[in-house]
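Accompanying notes for the structure given below.
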Amino acid sequence: MTGLLRAYGWGFATVVILQVIGAVAGLAPLLAVVELGRTLLSPGPIDHGHVWLAVTVGAVGLFVRLLFTAASSGLGHILDDQVQLSLRRQLAARLGRVPIGWFSRRRTGELTRVVGEDVSAVHPFIAHAPGELVSAFVVPLVSLVYLFAVDWRLTLITLIPVLMAVALVPLLMLPARLREQEEFDAAMGRIASSVVEFVQGISVVKAFGGGARAHRRFLTAADDFVSVFLRWVRGMSVVAAGMQLALSPPFVLLVVLIGGTALITSGGMAPADLLPFLLLGLGLTAPVAALGHGFDDMQAAGRAVGRIRDVLEVPSLPEPAHPVTPQGHRVELRDVRFHYETGHEVLRGIDLVLEPGTVTAIVGPSGSGKSTLVQLLPRFFDPTHGSVVLGGVDLREIGSRELYRLVSFVFQDVRLLRASVADNIALAVPHAGRDDVVRAARLAAVHDRIAELPRGYESVIGEDARLSGGEAQRIALARALLAATPVLVLDEATSFADPQTEQAVRRALATLKGERTILVIAHRLETVADADLVVMLENGSIVERGRPAELLEQDGKFAAFRRAHRSSITPYEGVPQGGEPR
């Protein structure tokens, strides 16, 4: 945070200077009232010149205070906007450089909170803290100088409420209080994540009537938050109440009146000298009270900055110092091993060659490592051992821009931008002509559906374009086809498609055969039948590989897997029980 704010040092210095002038000028009306009271209460004739001078100084001071504090506040909020913009840009830049696979292992709600709520939480620190801190120190300091000049004994008595409040501050910083605040933030994060997951799965909840079981995670997070919140409030309430009581105007006035009465009755102070303490005594406590009210916001901002820092410190995907351009688009996986957690390998010694112009299908049971393997090609992760080579060059030696000109991908979980259909298809080729966009849409068997939309290709996703899961997948497939990269990775990219669309997409991929190196996770047997090479994964290792017909003749693991898959298909999917696919 210090490094970030250093760029705005002059701006914050200006905010502080403006606030200092405004804070000091704000004392002028109070001092004017004090001088008026002392002048009017003093024996003898009234000094009218002094009276008008006090009124003028008070009015000018009030005007200066309003002008300079407004300028300080306005500039502070402008700086706050700039800092928040800078933070979000830094987060966006960092998130754009981290391995894409990092996102799959993070909760959506937690990242949303960092980019949204946590960045907004620095607002009190930037926009309000400078002014409050200046007021908390400058106003009491100037007031004390004046009050000490009037009577040092009553000044010390007036400071008693302030000292009592300050003495309670360390109790807010006890390890138990800090731990409760951390637990509070963690509980808030769990609620945010559970809300996102609950909303995303609400259709399933309604369809199957899960009741309390479907709501259990959300309810547990809510109950946990209530428990943490009550524990935090109980720990803070006594200290907070003590500080509020010590700084409350009635208590301050009571202390001043008791001390002033004792001094006046003993003849140690003139009655008129009590007036400045009654007015400025409240001025000593008000800024401290304001700082106390903002204490929670300051701590929240500090914790938010810590979470922002954690994201900004996520290691970026390493970029080569001297990028190398691949020669061709032959893909090799050489003794590839990968683990998300140390001690638990997901891929174990994968050796695989994808020849140019061929289709390689990856099959295997759930959890065998299929998705992890295909995510290595677009470099969502780097292997923990071994290498992935494209055109004779390790992917780690290819610049990311060059890599994504060579490798495109379509995954089962499709995300479309809130933009026109044409812009979504042309995402990788922004300057593509409409004819090229339409040609890609036709190849992906989605052109007819787009034509039915209110504005055709100009329809905006999420506004006047509502697409099913299969239609969204075909838009993503059209995007990859338009990119025309030599390597295409498909993670069951037509899993939501109907049989007719599946056939159309298969025909589209058949037209690319011989032109591109295609790697596809295959759950449907038809895709396997079209492949040049089938690779069977089991527990992160290749257990069989070969042409589909050869593997069936061997009657090994792939054949058994295929029989099990066929027997699980219902008649509604076009396969009679015990029969062949239609």
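The values are calculated or read from the model by the stated rules, or taken from the named source; none is laboratory data. These numbers come from a predicted model, not from an experiment. Glycine also receives a Cβ, built like all others from the backbone with ideal geometry; neighbour counts cover every protein chain displayed. What goes into the accessible areas is simple: the full protein's heavy atoms, side chains included, and nothing from ligands, DNA or RNA. Shrake-Rupley method; radii C 1.70, N 1.55, O 1.52, S 1.80 Å.
A few notes on this one:
- Residue in region 392-413 that is more than 16 Å from residue 485 (Cα to Cα), modelled with pLDDT under 85 and acidic (Asp, Glu) present: yes
- Within region 230-239, the set of residues being free of Cβ contacts under 8 Å to residues at least 60 places away in the same chain and either closer than 10 Å to residue 188 by Cα or surrounded by 16 or more Cβ atoms within 10 Å (Cβ to Cβ) (or both) comprises 232, 235.
- Taking region 368-405 as the range and being open to solvent by 30 Å² or more (accessible area, probe 1.4 Å) and either under 18 Å from residue 521 (Cα atoms) or in contact (Cβ under 8 Å) with a residue 12 or more places away in the chain (or both) as the test, the residues that pass are 371, 375, 382, 384, 385, 392, 396, 397, 400, 402, 404, 405.
- Flag for residue 90 being modelled with pLDDT of 75 or more, surrounded by fewer than 17 Cβ atoms within 10 Å (Cβ to Cβ) and in contact with a Leu (Cβ under 8 Å, 6 or more places away or on another chain): yes
- Residue 429 vs. criteria outside any loop (DSSP other than H, G, I, E, B) and hydrophobic (A, V, I, L, M, F, W, C): no
- Search result, residues across region 26-78 that are surrounded by 13 or more Cβ atoms within 10 Å (Cβ to Cβ), under 40 Å from the mean Cα position of the chain (by Cα) and either not hydroxyl-bearing (Ser, Thr, Tyr) or not in a helix (DSSP H, G or I) (or both): 65, 66, 67, 68, 71, 74, 75, 76, 77, 78
- Residue match in region 390-404 (condition: touching a Lys or Arg at 6+ places or on another chain (Cβ under 9 Å) and within 26 Å of residue 543 (Cβ to Cβ)): yes
A quick yes/no check of all residues on (1) among the polar types (S, T, N, Q); (2) touching a residue at least 40 places away in the same chain (Cβ under 8 Å):
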| residue | (1), (2) |
| --- | --- |
| 20 | no, yes |
| 51 | no, no |
| 59 | no, no |
| 82 | yes, yes |
| 92 | no, no |
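- Taking first residues from region 433-450 that are at pLDDT below 90 and partners that are not small (Gly, Ala, Ser) and not in a helix (DSSP H, G or I), the Cβ contacts under 8 Å between residues at least 6 apart in sequence or on separate chains come to 449/467.
- Here 281, 357, 364 are screened, and the one residue that is open to solvent by less than 20 Å² (accessible area, probe 1.4 Å), more than 32 Å from the chain's Cα centre (by Cα), at negative phi and not polar (S, T, N, Q) is 281.
- Residues satisfying the criterion are absent from region 493-506 (criterion: modelled with pLDDT of 85 or more, in a loop (DSSP other than H, G, I, E, B) and more than 30 Å from the chain's Cα centre (by Cα)).
- Condition met for residue 440 (in a helix (DSSP H, G or I), of a type in the set (Gly, Ala, Ser) and in contact with a Leu (Cβ under 6 Å, 6 or more places away or on another chain)): yes
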